[in-house]
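Quick one: the structure is below, and I'll ask about it shortly.
The values are calculated or read from the model by the stated rules, or taken from the named source; none is laboratory data. Everything numeric in this text was worked out from a predicted model, so none of it was measured. Counting neighbours? That spans all protein chains shown, and the Cβs are built from the backbone with ideal geometry, glycine included.
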Amino acid sequence: PNGPFGAKEVGEGAIMPTIPAIPNALYAATGVRFEKLPVSAERVLAALKGEKLPDEANLGPGFCKPRPPEK
């Protein structure tokens, strides 16, 4: 629930950075960028085998893809 003026509860703010941190940690460990959620064990294994990952959910507007190099 939201508090006065739409503020979030105290405990909700701390979990927000966790959501992108997990796919970023997997990228650092495997070299595979996970752009869809949820990141399940099956999807990690498929990515490590080089298989195409199924589309599930978009990471949303808070996720920024790296910009391609300018020519």
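Quickly run through region 50-63 and pick out the residues that are closer than 18 Å to A21 by Cα and either surrounded by 11 or more Cβ atoms within 10 Å (Cβ to Cβ) or at pLDDT 60 or above (or both).
Within region 50-63, the first condition is being closer than 18 Å to A21 by Cα, and the residues that meet it are 57-63.
Hits for region 50-63 are L59, F63.
Exactly one of these conditions fails for A47: (1) part of a loop (DSSP other than H, G, I, E, B); (2) surrounded by 11 or more Cβ atoms within 10 Å (Cβ to Cβ); (3) modelled with pLDDT of 80 or more; (4) not aromatic (F, W, Y). Give me its number.
Result: A47 passes all but (1).
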